[in-house]
Each structure stands twice: as structure tokens, then as C-alpha cells.
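The values are calculated or read from the model by the stated rules, or taken from the named source; none is laboratory data. For clarity, every value in this text was computed on a predicted model and none was experimentally measured. Here Cβ is always computed from backbone atoms with ideal geometry, including for glycine, and neighbour counts include all displayed protein chains. The area values use the complete protein model at the heavy-atom level, side chains included, leaving out ligands, DNA and RNA. Shrake-Rupley method; radii C 1.70, N 1.55, O 1.52, S 1.80 Å.
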Amino acid sequence: MKYFTLEELTRSDTASIKHIDNTPDESITEHLIELVEKLLDPIREGWAKYCDDNQLGNAGIRISSGFRNKELNKAVGGSSTSAHLTGYAADISPINGNMKVFQSWIAEAIEELNWDQLIYEKPKNGIASWIHLGLKNKDGMQRRQKFTII
């Protein structure tokens, strides 16, 4: 794990406000490490190169949601089959704020990796508010789904 921490992947404002313990067990922790090593770190490295080549500034990636236990997932209105529940998903956005470029770039960059879902969430004028990346679904499958949730 080069660019992300377990704290980033388990932190939640909703959990803090509602006093929900979102501490992952050992199995979920292993899934989060796998998510970072196989998907998030490679995405971050590719985005850094792209930002450097195109002078786009800070290439950091913010995680707005990673692991969510059942109680937290319910509190945020998450799907009962969400990969967040198993530690195999993260919602991300570029720190430099250039979501339009990021979502275009990631649609191509992700094709070189193994993944389950790329979801553009709650777009405004065609630009996602955040991007959901899933490594595996609850059955361990990688369906390579791309879609938008309004």
C-alpha cells in the first residue's frame, strides 16, 4: 500500500456522528489491502503520470468511502449487496478537482487492470460527483461493469 491507508478506507463522518464502530475484521482488512494493491495504487500511479505529463497539478486521490459495515452501510443508504461491505470498493475523486478529465482518463486507464465496477455517481452536467471503483463483488466476481447512477 503505497498511497492509501487503512484509516482512509474505514473513516466515515456518518460513523463518527452516529457513533458506529466501523473497524474491519482481519478478513475485511485483507480485502482492503488487496483493493489498494491491485486497483487503487495502480490508478493513483497512472493518474500521477497523466497529471505530470499534462501539468494538471496535485495527482492525489481522495477516498470518500471505503469499507462500510452493515450498520454504516444502512445509515448511508448503501445497497445491501455493495462491495463496500466486503472491503472491495472505494468511492474516489481527484484532489486537484478536475473530475471531468479524471473520469475520462480513468475510463481508459482501468481497462489495463482487473476490476468489477466503475460507476460514475450523481453526475451534474455529465460530470460525476465521485467515482465508485469495485475490485470484486460479493461472490468474488469481476464483471467489468461501467455505468452511471443518477
- Task: Express in nm, to one decimal, how much length is gained between M1 and K70 on full extension, taking 0.36 nm for each residue of separation and deducting their alpha carbon distance.
- Result: 22.3 nm
- Query: Convex hull over the Cα atoms of the range 77-146, averaged projected area in nm²?
  - Reply: 5.0
- Task: With all distinct Cα pairs included, what does the Kirkwood hydrodynamic radius of the range 1-48 come out to in Å, to one decimal, could you say?
- Result: 11.7
- Could you check the simple spin-label distance between E45 and S79, using points 7 Å along Cα→Cβ, in nm with one decimal? 2.9
- Extension gain (nm, one decimal) between E112 and S129, 0.36 nm per residue minus Cα-Cα: 3.7 nm
- Run the quick spin-label model on T23 and S104: label points 7 Å from Cα toward the beta carbon, then report their separation in nm to one decimal. 4.6
- Message: I need the Debye-formula profile for the chain: one equal scatterer per C-alpha, no solvent, reported as log10 I(q)/I(0) at q = 0.16 1/Å, two decimals.
- Response: -0.84
- To the nearest 10 Å², what's S129's accessible area with a 1.4 Å probe? 50
- Query: What residue among L35, L133, L56 shows peak mean-square fluctuation when the chain is described by a Gaussian network model with Cα springs under 10 Å?
  - Reply: L56
- DSSP-assigned coil residues among trypsin sites (Lys or Arg not before Pro) in the range 1-59, each with at most 12 further Cβ atoms within 10 Å: K2
- Note on the structure: Taking a crude spin-label model, label points 7 Å out from Cα along the C-beta direction, the F147 to N54 distance in nm is 2.7
- Solvent-accessible ranking of Y88, Y50, largest area first, probe 1.4 Å: Y50, Y88
- Excluding residues on the same chain fewer than 8 positions from K18, give the aspartates and glutamates whose Cα lies under 17 Å from its Cα. E71
